[in-house]
1. Any idea which of PRO236, ALA386, THR359 is furthest toward the positive side of the dipole for the chain, if Lys and Arg beta-carbons carry +1 and Asp and Glu beta-carbons -1?
2. If a/c stays under 1.5 just call it rounded; otherwise compare a/b with b/c (prolate if a/b is bigger, oblate if not). Do that for region 318-444, with a ≥ b ≥ c from the square roots of the Cα gyration tensor eigenvalues.
3. Compute the distance in nm between two label points, each set 7 Å from the Cα along the Cα-to-Cβ direction, one at VAL242 and one at GLN311.
4. For each cysteine in the chain, check whether another cysteine's C-beta sits under 4.7 Å from its C-beta; list those where none does.
5. Less than 15 Å apart at the alpha-carbon level, and either on another chain or at least 8 residues along: which aspartates and glutamates does that give for LYS18?
6. For the pair LYS33 and HIS304, how long in nm is the line joining their label points, each one 7 Å along Cα→Cβ?
7. Residues with beta-carbon under 14 Å from that of PRO71, excluding PRO71: net charge, scoring Lys, Arg +1 and Asp, Glu -1?
8. Could you tell me the relative contact order of region 389-445? Use alpha-carbon pairs under 8 Å, at least six residues apart, and round to a whole percent.
Amino acid sequence: MHAAVNAEGRDSFSYEGKNIAPVIRVFPGDTLKIDYKNDLPVHSTESCAISPCKNMTNLHFHGLEVSPQSPQDNVIDMMAMPGDTLHYAVEIPADHPPGLFWYHTHPHGESHRQALDGMSGAIVIEGMERYIPEVRKLREQVLVVRGESIEHLADAAALLRHVDADPPSCASSAGAAERVFTVNGEIRPSIGINPGERQFWRIVNASADQYLDLQLDKQNLEIVALDGMPLAYHDPKQPVKVVDHALVPPAGRLEAIVTGPDATAHPALRTLCVNTGAQGDPNPGMVLADLRAGKLPPQPEKKHRKLAPPQYQSVDLHAYQSSEPDFTVVFTEDDKGFYINDRKYEADAAPMTHAQVGTYQHWRILNSSAELHPMHIHQVHFLVFAANGKPLENPVWLDTVNVPVGETVDVVMDFTNPVIRGMSLFHCHLLNHEDKGMMAKILFE
């Protein structure tokens, strides 16, 4: 795989001679090997959060519970300047949960620009049928949703009309829409599904800085996994959650069984308007894709491999619900940048916090700013169990959680995986915020 400049002059991935980001499919126990060459020019014509742009790049395997040390998911020390090649060998543990993950570039100061240019792709860890047997026989759709900038396009208004973009009436911030969404690289494509047909959709919000509030016209979403974690993995009694819409922050993933609506209704997959706060960017509702009935192309034959029986893991929340947090994350911002616990990220800084491998920790995340922030930590999942100090009725495991303006979220961090040792990161996944300082180190020891 190469980092290259495409015909539109934007940074992109190149694979087998084409500017595409392939869907990577692996099984638990596999080793994912990638040679990643930086073919970007030495001098960039684009702007970055930290100037000048150096056109450096690397890969982050978002959500994978793998080692943060080289040659695996190490975004701190593994960095390719133009002309360099990185050699990744990512060992997927044999007991890794199945689900949807993704890969994207993570060079601090240039992450937002490269993500906005579309340098991202999906990773599927096989084996979801062990937790939801029905998906084995269903047609699968992998949908990579990205935000594309329209700020400087002459036909921006026409593009917004094409996707039926609503005025950002739900927002408390002012300003015109700066993005349209693409699905697998296309603006408002068609998704083939017949009325009454059940399909398995795997959706990643790969946008650099936009929220999704997903809704399927005339049908519910039967969610079976969030952020690459089957709901049944931690609660086998509740393997499915049925909703009429679902908020998916930047970097979040949703896997759901959907039923094809009545074709006469001209149904669509859409995102609803999201209020990102007084200082947030406009996030209007719009159509992501139209649903089309008819004869569908053959589904590629699914590879199968005998896997271990499903595993289940639960956490007793009683002790955490009454305890003070082991660590508190505070998001703040001002005209000079974005901060975690009043500190901007520095490449040579010591870790802000430590985690003893084999333990759980109670973290509290406080958003003391006037806009939404999605908090992500590399390599691990966490159980979101309280909001504003009140226990949630249905705690859920995630790797990226939305933190509302002026509110707190309490989570149990799972640091029990023995393969996750070394220096890693946590940060806001609005990548322009991360680039401008809203990131910190954590040492797993």
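Since every read-out is calculated from the coordinates, none of them should be taken as a lab result. In this text, all values refer to a predicted model and were calculated from it rather than measured experimentally. Here the Cβ is made from the backbone with ideal geometry for all residues, glycine too, and neighbour counts use every protein chain on show.
1. Positive-end residue among those listed: PRO236.
2. Values: a/c = 1.91, a/b = 1.14, b/c = 1.67.
Oblate.
3. It is 3.2 nm.
4. For the chain, the answer is CYS428, because their Cβ atoms have no other cysteine Cβ under 4.7 Å.
5. GLU8, ASP39
6. If labels sit at LYS33 and HIS304, their model points lie 2.9 nm apart.
7. On the way: positive: LYS33; negative: ASP35, ASP73, ASP77, ASP84, GLU91.
Net charge around PRO71: -4.
8. Details: 36 pairs, mean separation 17.4, N = 57.
So the answer I get is 30 percent.
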